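Structure record follows, encoded as C-alpha cells.
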Amino acid sequence: MKYCSKCKRLHNDEETVCKNCKAQLKTITDENTPVYLLTASGFELQRVKAALEDSTVPCDATIKKCMENKYSKSIKAYTGYDDLTYDVYVPYSAYEKAFDTCVGIGAIKLEGEEILDDEVEYKENDGETLDEQFEKMTGAKRTTVRIVSALLLLLIVAGVVFGTDAIMNFIKEFFG
C-alpha cells in the first residue's frame, strides 16, 4: 500500500499521485505510520473514538483545516459545543481492524450498502397528526369514540376488580 504524506490517505500500489491533494505517494515503511480513517465531528467523533478504544485501536483526531471551521472556535466559546470537524488517524498496522470497527458501528458506509431494510415498507407521512385526524371527525363520531373509550375503561377496571376478588376467594378457600 502507498499513502500520501500530506493528507495521510491510503492508496493502491498502482497509483502514483493522491486523488485528494495531488501530492506524490510514498510506500509505507513503518507500521506505526498514521493513516487517515474518516472525518467526523461532535457526537459521531466521540462514538468513533470510543469504539476504537474498545477495540484497542489507538487513534488520533486532528482539526480538519477547512473554511467551515473558520468561526467554530468562537461558536464553541459561545455555546460550549464543539462544532469543529476532525480527521481521525490510526496506525497503519491497525487500519483494517479500525476500518472494520467503523463499518460495524455505521460510521463508514461501504459502497452499495443500504442502511434500510428492503423488506420493510415505509410510507410517507402526509403531515397529519393524530390530533388533526381527531379534529376532522364529526361531533357525533367524536362523542361515540369518547363513550366507547369510557365503557372500555370501565370494563377493564371491573375485570381487574372481579379477577382480584376471584383470586382472593380461591386463596381463602385453599388456606381456610
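Taken as a whole, region 55-65 holds no residue that is in contact (Cβ under 8 Å) with a residue 60 or more places away in the chain and either more than 18 Å from the chain's Cα centre (by Cα) or part of a helix (DSSP H, G or I) (or both).
When the residues of region 16-53 are filtered to those that are in a loop (DSSP other than H, G, I, E, B) and either modelled with pLDDT of 90 or more or open to solvent by less than 40 Å² (accessible area, probe 1.4 Å) (or both), the one that is farthest from Cys102 (Cα to Cα) is Ala23.
The values are calculated or read from the model by the stated rules, or taken from the named source; none is laboratory data. What you are looking at is a predicted structure, and each value in this text was computed from that prediction instead of being measured. Using ideal geometry, Cβ is built from the backbone for each residue, glycine included, and neighbour counts are taken over all protein chains shown. All accessible areas refer to the heavy atoms of the entire protein, side chains included, with ligands and DNA or RNA removed. Shrake-Rupley method; radii C 1.70, N 1.55, O 1.52, S 1.80 Å.
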